[in-house]
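Here is the structure we will look at.
The values are calculated or read from the model by the stated rules, or taken from the named source; none is laboratory data. The structure displayed is predicted, hence computed values, not measured ones. Methodologically, a virtual Cβ is constructed for each residue, glycine included, from the backbone with ideal geometry; neighbour enumeration extends over all protein chains shown.
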Amino acid sequence: MIIKKRQLLLATLIMALAAAVFVNWYYTRPEIESANAGSGTVTSQPEVQEGANLGDARYVISSDASLDDVAAQAQASEYFVSAKLRRQTAHDEAAEALNDVIKDGSSSSEAVSKASAALEELAKAISLESDIENLITAKVGCANLVILNGGNAEIIVENGSLDDVSIIKIKEIALEQTGYPVEKISISEMEY
């Protein structure tokens, strides 16, 4: 009987697959005998949490953080999210009102030009607020909220993040981005 190359290759692949399955079974079986343990048997049971799925996020509290600190951080995070949502809603409503004036056929050309200029200023303010917030987060590393209104910049940062260096960095960012005078820039820490 002549063994062809294909049959030999197929037999080799089947043997390799069988060996891989055996090795996998050997190292993942519920009870693993330890060669170093002598007469004892070591069992390895995986740690399973009820209701947990692979990839689920879990909160981890470091040993130096108290539950009050964690609650305060959660409250601060919730404040910044809700404040940004309220600010976005206000911006959207203002933009909608200005667009209504622009689209209204009965509006005078002066009202349309004023509304267009105001809409352009609003868009610029929205972009500046976002840019400043991102720069502060990147350079200072704290949660923050920037409100630009009528030539004033109000910057609110999370509690415990202001020191002399961070104040200087935040003022520099605000000055470079807005061009407002220093007295028009206000930085405050959120109290919670």
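Quick look at the numbers
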read-out: Pairs, first in contact (Cβ under 8 Å) with a residue 12 or more places away in the chain in the stretch 78-92, second exposed (fewer than 12 other Cβ atoms within 10 Å of the Cβ) and part of a helix (DSSP H, G or I), C-beta under 6 Å, six or more apart; value: none
read-out: Criterion (at pLDDT 90 or above, more than 16 Å from GLN177 (Cβ to Cβ) and either among the aromatic types (Phe, Trp, Tyr) or part of a helix (DSSP H, G or I) (or both)) met by exactly one of SER77, SER116, SER130; value: SER116
read-out: Positions within the stretch 132-170 being farther than 17 Å from LYS184 by Cα and loosely packed, with under 15 Cβ neighbours inside 10 Å, in sequence order; value: ASN134, THR137, ALA138, LYS139, GLY141, GLY160, ASP163, ASP164, VAL165
read-out: Residue satisfying condition, being on the phi < 0 side of the Ramachandran plot and touching a residue at least 24 places away in the same chain (Cβ under 8 Å), within set LYS124, LYS169; value: LYS169
read-out: Any pair with Cβ under 7 angstrom, 6 or more apart, that starts in the stretch 97-112 at a residue that is part of a loop (DSSP other than H, G, I, E, B) and ends at one that is hydrophobic (A, V, I, L, M, F, W, C); value: SER107/VAL101
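Per-residue answers, yes or no, for (1) at pLDDT below 65; (2) part of a loop (DSSP other than H, G, I, E, B); (3) within 30 Å of CYS142 (Cβ to Cβ):
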residue: ILE14; (1), (2), (3): no, no, no
residue: TYR59; (1), (2), (3): yes, yes, yes
residue: ALA72; (1), (2), (3): no, no, yes
residue: LEU85; (1), (2), (3): no, no, yes
residue: ALA90; (1), (2), (3): no, no, yes
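Residues are listed down the side, and each one gets a yes or a no for (1) more than 17 Å from PHE80 (Cα to Cα); (2) touching a helix residue (DSSP H, G or I) at 6+ places or on another chain (Cβ under 9 Å):
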| position | (1), (2) |
| --- | --- |
| ALA95 | yes, yes |
| LEU122 | yes, yes |
| ALA138 | no, no |
| ASN144 | no, yes |
| LEU148 | no, yes |
| ASP164 | yes, no |
| GLU176 | yes, yes |
